[in-house]
1. Quick one: would you say Thr303 is polar (S, T, N, Q), farther than 17 Å from Ala148 by Cα and either at pLDDT 95 or above or surrounded by 23 or more Cβ atoms within 10 Å (Cβ to Cβ) (or both)?
2. Considering Ala331, Ala272, Ala325, Ala276, which residue is buried (at least 23 other Cβ atoms within 10 Å of the Cβ), more than 29 Å from Gln6 (Cβ to Cβ) and modelled with pLDDT of 95 or more?
3. List pairs: first in segment 35-55 and assigned by TED's automatic domain parsing to the domain that holds Asp97, second at pLDDT 95 or above and among the acidic types (Asp, Glu), Cβ under 7 Å, 6+ apart or cross-chain?
4. Quick check on segment 193-238: of everything there that is out of contact with any Asp or Glu (no Cβ under 8 Å at 6 or more places or on another chain) and among the polar types (S, T, N, Q), which residue is modelled with the lowest pLDDT?
5. Cβ-Cβ below 7 Å, separation at least six or inter-chain, first residue in segment 176-200 and on the phi > 0 side of the Ramachandran plot, second part of a loop (DSSP other than H, G, I, E, B): which pairs?
6. Can you tell me which residues in segment 348-374 are closer than 30 Å to Gln242 by Cα and of a type outside the set (A, V, I, L, M)?
7. Given (1) surrounded by 24 or more Cβ atoms within 10 Å (Cβ to Cβ); (2) in a loop (DSSP other than H, G, I, E, B), where does Ser142 come up short, assuming only one miss?
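The values are calculated or read from the model by the stated rules, or taken from the named source; none is laboratory data. For clarity, every value in this text was computed on a predicted model and none was experimentally measured. Note: ideal-geometry Cβ built from the backbone for every residue, glycine included; neighbour counts use all protein chains shown.
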Amino acid sequence: MDIQWQRALAGESGIRELTRFPLRDDFPVQVAGQVDDIDVEPYPFLRPRPMAHWTSPVFKYGMLVCHRALRHVGLEIGPELAPRVAVTFSTAIGGLDAVIHADRVMVETGKLPTPFVNPNSCVNMVAGKVSILTGATGPISSIITACATGSTSMIFGAMFLQAGMADLAICGAVDFPLVEPIVAGFATMNGAYKAKSEKPDPPERCSRPFSVDRRGFVISEGAACVLLATREFASSHGLDWQLELCGWGMTADAKHFVAPNPVTVARCMREAIANAGLVPGDIDAVNAHAASTKVGDHVEASTLAEVFDGRIPPISANKSLIGHAMGASSALESVFTMEGMLRDTLLPTINYRPDPEFQLDCVAEGARQLRQEHVLKNAFGFGGCNACVVIRRVS
């Protein structure tokens, strides 16, 4: 995490030319946020032989971040802990790449799929593999709310703890959507960034949330794991906890399959703040969804103005740095949010050119020192899935 944090702190973009698959000259998307390959040698469970059948990268990277999270806090899930450990780690897109590859092989050669193609494509299999890796045998669920999946995973993990069904929850999300027809599909629905043909932007300039010249989201890959525990479990196991998920809200737009509904978006924010026992004035900063779409950013900015009665706290829009990692985006951005709270720092929103329709403080000057007691994290997904959480600093 430290490397990613330092790069984000410096305002360094993670967007580069798209190289995940061969591009035709007329392919509508040319840039992306790609994850660098990793050295699997330190991780026996990721070496070629155990991963031979798990070809979709969502498994490798999902298992990796969950393993690292447990190792970071020094927890090993033995037989005594296992029944009280929940898994809500999820994915929005899952292993569709495995099905697409199998289909192309069938069309070209007539060869039938291997028995592992369908398990690779099962969205819940990501949580299943995390459970197998960690030994967790408590409640397991793969909650999918499109681009809000990471946040919803955290909310359901917190609900399991609150209901007394678990003491620890392995939450978060992974998505690797840089698959040719998926990327092209985002382009044809006018969601993905498209350059002006006469003057293409450099890759690092393409993701620009809330900016007057925003042109859609830059598609990215990624994974992040967040561990949630009850206070009793954390204290009895010597976990150094300084933050808590203190409130959340979830609403459905019930209006349009992609265009957000201002009424239910605003209600989601309000419910998260109220659920935390707070009022809007208690919020010190907002980590925005900020996908960089014309309509989406407009709705979020206008509802923030409504919820906060025109006095909107400073806003970080992390997608300016890392692009949009679909279901994993809100998990990644929650990690950046929490790290920023611990370091009294707001990450910058890069590439920002103010839109005169918005009255926002997007921390465009570079990283800003600010102590944050409460931060609102917004996440909104296709299908009208809204999930907002409030994170509190407790020390």
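1. yes
2. Ala272
3. Val35/Glu221
4. Applying the filter and picking the extreme gives Ser197.
5. From residues that are on the phi > 0 side of the Ramachandran plot, the pairs are Asn190/Gly216.
6. Pro348, Thr349, Asp361, Cys362, Glu365, Gly366, Arg368, Gln369, Arg371, Gln372, Glu373, His374
7. Answer for Ser142: the failing condition is (1).
Let's see how each residue does on (1) under 23 Å from Ile100 (Cβ atoms); (2) in a loop (DSSP other than H, G, I, E, B); (3) touching a His at 6+ places or on another chain (Cβ under 9 Å):
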{"position": "Pro115", "(1), (2), (3)": "yes, yes, yes"}
{"position": "Val126", "(1), (2), (3)": "yes, no, no"}
{"position": "Ser131", "(1), (2), (3)": "no, no, no"}
{"position": "Phe160", "(1), (2), (3)": "no, no, no"}
{"position": "Gly164", "(1), (2), (3)": "no, yes, no"}
{"position": "Ile170", "(1), (2), (3)": "no, no, no"}
{"position": "Leu178", "(1), (2), (3)": "yes, yes, no"}
